[in-house]
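Since every read-out is calculated from the coordinates, none of them should be taken as a lab result. Everything numeric here is computed off the predicted structure, so don't read it as measured data. Reconstructed Cβ throughout: ideal geometry from the backbone, glycine too, with neighbour counts over all protein chains shown.
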Amino acid sequence: MSEHTPVERDDTVEVHPDTEALVAAAAARFVAVVVAAQATRGTASVVLTGGGTGIGLLELVRKSPGDIDWSKLDIFWGDERFVPSGDPERNELQARTALLDHVPVDPARVHAVAASDGEYPDPIEAAAEYSAAVHAHLATTGGFDLHLLGMGGEGHVNSLFPDTDAVREEHELVVAVTNSPKPPPVRVTLTLPAVRRSRHVVLVVGGAAKAEAVAAALNGAAAVDIPAAGAVGAESTTWLLDQDAAAGLR
């Protein structure tokens, strides 16, 4: 285990009875945070996550968007698989199918990671290009309003896996990952310093296979061991769990 000092946490934990209720709660949180940010500052930004729950909540937001002003919303992704633009594994493609192609977002405010068959075929160059977009946004807004995160069974968030260079990164906001333990091996990801530039971080986690990592993250694990332990929002950090994922907390 690492000797790194755990991140100080002040978390809200909500436990929902099943996956359906979990995804519904996440979708409602998405709408509430965006509407509140737009009411306060006239604009909002969200960082999306992939996976079944991440895409499922976008489908629910599409059905019940509340008072979101889509023209005043910036969209980012926490990570992206560095694959061709039409590859169904791309988080961007999945998010467009679930939500973005069906609402009037401003195309200039959708900040996708370059695909491997695009203008930046080298993942390090793609990461640099995405980093420039992230830095430009944060320079004008001070932070993302909402960062949505799923979590893997070993505690990874975005493409930040335990005991890797990416999860140890303390300065860069975006890095390329060329040896991901989960395929595909090449990815571009926001780092923990970028996650912490988010006003509100919401982790959406379901399933018994993740209960041990949830408990570790919430009980003081170091981020290098359980990356989700380092996912802390500037104003709030919320864990939305189903009963199975929360089993280790009881």
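Key figures for this structure:
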{"read-out": "Selection count, the stretch 197-227, where residues are part of a helix (DSSP H, G or I), out of contact with any Asp or Glu (no Cβ under 7 Å at 6 or more places or on another chain) and farther than 26 Å from Glu129 by Cβ", "value": "7"}
{"read-out": "Residue match in the stretch 174-196 (condition: in contact (Cβ under 8 Å) with a residue 40 or more places away in the chain, outside any helix (DSSP H, G or I), under 17 Å from the mean Cα position of the chain (by Cα) and over 22 Å from Glu89 (Cβ atoms))", "value": "no"}
{"read-out": "The stretch 105-125, residues that are of a type outside the set (A, V, I, L, M), buried (at least 16 other Cβ atoms within 10 Å of the Cβ) and closer than 15 Å to Arg81 by Cβ", "value": "Ser116, Tyr120, Pro123"}
{"read-out": "Selection count where residues are crowded, with 20+ Cβ neighbours inside 10 Å, outside any helix (DSSP H, G or I) and touching a residue at least 40 places away in the same chain (Cβ under 8 Å), scope the stretch 27-76", "value": "9"}
{"read-out": "Where a residue in the stretch 106-134 is under 19 Å from Val186 (Cβ atoms) and its partner, wherever it lies, is surrounded by 17 or more Cβ atoms within 10 Å (Cβ to Cβ) and among the basic types (Lys, Arg), with Cβ under 6 Å and at least six apart", "value": "none"}
{"read-out": "Some residue of the stretch 207-225 being under 30 Å from Lys72 (Cβ atoms), surrounded by 17 or more Cβ atoms within 10 Å (Cβ to Cβ) and of a type in the set (Val, Ile, Thr)", "value": "no"}
{"read-out": "Per-region count, the stretch 208-248, residues more than 23 Å from Leu190 (Cβ to Cβ), out of contact with any Leu (no Cβ under 7 Å at 6 or more places or on another chain) and in contact (Cβ under 8 Å) with a residue 24 or more places away in the chain", "value": "10"}
{"read-out": "Conditions (1) of a type outside the set (Lys, Arg); (2) closer than 19 Å to Pro183 by Cβ; (3) surrounded by fewer than 21 Cβ atoms within 10 Å (Cβ to Cβ): number failed by Asp79", "value": "(3)"}
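This table checks each residue for (1) among the small types (Gly, Ala, Ser); (2) touching a Pro at 6+ places or on another chain (Cβ under 9 Å).
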| site | (1), (2) |
| --- | --- |
| Ala112 | yes, no |
| Ser116 | yes, yes |
| Asp122 | no, no |
| Glu129 | no, no |
| Gly153 | yes, no |
